[in-house]
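The values are calculated or read from the model by the stated rules, or taken from the named source; none is laboratory data. Note that the structure is a prediction, hence the values are computed from the model and not measured. As a convention, Cβ positions derive from the backbone with ideal geometry for all residues, glycine included, and neighbour counts pool all protein chains shown.
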Amino acid sequence: MVELGSARPKIPRLSYEYFAKQVDQKTNEAVGFVPLEDVFASGRVCFSEGDVVHDVGAGPGYSTEYLQSYVPDCKKKSVIWIASEPTSSNCEQIKTRFGEENVCALNLDAIEAVKVVRYSTKIFFLNGIHMLEPAERIEFFRQSFESLGPRGQLVITSAFTSEAVDEQVQRDVLNPWMIAVFREAKSRGVDLGDLKEGLEIVKKQVWSIDRYRQEILDAGFQPDFFETLDMPCNWETYRRISHYEGWNQRTLPDLKDRQAAVINFTALKKTMRRLGKSWNDPAPRNTLVMVARKPKAA
Ligand SMILES: C[S@@+](CC[C@H](N)C(=O)[O-])C[C@H]1O[C@@H](n2cnc3c(N)ncnc32)[C@H](O)[C@@H]1O
């Protein structure tokens, strides 16, 4: 594992087969929370009786279900669950998945949600912090600090840090893909502007790991664990991403979802053909895993 500040992420230790086993039981979607396995295995995060757990940006509830699987049976009844999510269709899925008596589903964005839910013991925001604008991330950390009770924990994972994106993923996957997206759009008469500017915009949105640590410290937290871990994805993972509304809105904000998905997916297939890749070939993503704690006296 690589501690904060190291230049290169760790060599993959977990296999794609292991990753692929993490599928949502209802939809059969690969969800991939592999990097968090280490955090739970090390005991840095464990669920206790009386925990109030808030899963922010919970999507349709995959992350909530995954987290619940780490609660020992004997403690299950005494843990309170809140899952918040700004997309209303996802929020409805959370209600259907768990039942409103088991998980309180809130249709709110991250900042509003942590303002509403006070005295939680653990806040998770998995695979989503990069979707907030930089100023919103800072506000989210501040509000999460206020929201947590003493010694409460904030746990974040994000595949979009400048270290991760600058290195292997940027070079081998994202850059070739984005270049193909611009070409594909042009061939369909869609002007996406300047490719270089487009790539710069993506870069500006991602923070370095150091920046995350600094903002976490500035918000008053103590960082307990900060590492870049490999998420052993394959190209199939990127196929799913190419159809994902959030990704398409972010990378092609001026286009309708359907058109953006067609361009992203076609460009991905052309990139793969050019690189001689098939769906099962590895295409790793590096993920920042962060556990921060609110000090007892705060
Ligand atoms: C890649 S999904 C991850 C979902 C879930 N946490 C998981 O790991 O399966 C990112 C989620 O962040 C949510 N999101 C986007 N902007 C957000 C915001 N401002 N506040 C809270 N969630 C947001 C999206 O709606 C989406 O559900």
TODO: Among the residues of the range 20-45, count how many are modelled with pLDDT of 85 or more, surrounded by 15 or more Cβ atoms within 10 Å (Cβ to Cβ) and more than 11 Å from the ligand (Cβ to nearest atom).
DONE: 4
Task: Search result, residues across the range 209-218 that are hydrophobic (A, V, I, L, M, F, W, C) and more than 23 Å from Cys46 (Cα to Cα) - done: Ile209
TODO: Determine if the range 106-124 includes at least one residue that is assigned to a helix (DSSP H, G or I), under 19 Å from Phe141 (Cα atoms) and touching a Phe, Trp or Tyr at 6+ places or on another chain (Cβ under 6 Å).
DONE: yes
Open item on the list: With the requirement that a residue be of a type in the set (Val, Ile, Thr) and farther than 18 Å from Gly50 by Cβ, what does the range 65-101 give you?
Closed with: Thr87, Ile94, Thr96
TODO: Could you look through the range 129-152, keep only residues that are surrounded by 20 or more Cβ atoms within 10 Å (Cβ to Cβ) and not in a helix (DSSP H, G or I), and pick out the one that is nearest to the ligand (Cβ to nearest atom)?
DONE: Leu148
TODO: Taking the residues in the range 56-98 that are away from the ligand (no atom under 15 Å from the Cβ) and charged (D, E, K, R) as candidates, determine which candidate is nearest to the chain's Cα centre (by Cα).
DONE: Lys76
Open item on the list: Would you confirm, using the coordinates I've provided, whether Lys296 is out of contact with any helix residue (DSSP H, G or I) (no Cβ under 6 Å at 6 or more places or on another chain), surrounded by fewer than 22 Cβ atoms within 10 Å (Cβ to Cβ) and under 15 Å from Val181 (Cβ atoms)?
Closed with: no
Task: In the range 242-256, the residues that are within 23 Å of Leu126 (Cβ to Cβ) and surrounded by fewer than 20 Cβ atoms within 10 Å (Cβ to Cβ) - done: His243, Tyr244, Glu245, Gly246, Trp247, Gln249, Arg250
TODO: Tell me, please, whether a residue that is buried (at least 16 other Cβ atoms within 10 Å of the Cβ) and within 16 Å of the ligand (Cβ to nearest atom) can be found in the range 262-272.
DONE: yes
Task: In the range 106-115, residue nearest to Phe145 (Cα to Cα) [restricted to those that are of a type outside the set (D, E, K, R) and in contact (Cβ under 8 Å) with a residue 24 or more places away in the chain] - done: Val114
Task: Which numbered condition Asn280 fails, given (1) buried (at least 16 other Cβ atoms within 10 Å of the Cβ); (2) in contact with a helix residue (DSSP H, G or I) (Cβ under 8 Å, 6 or more places away or on another chain) - done: (1)
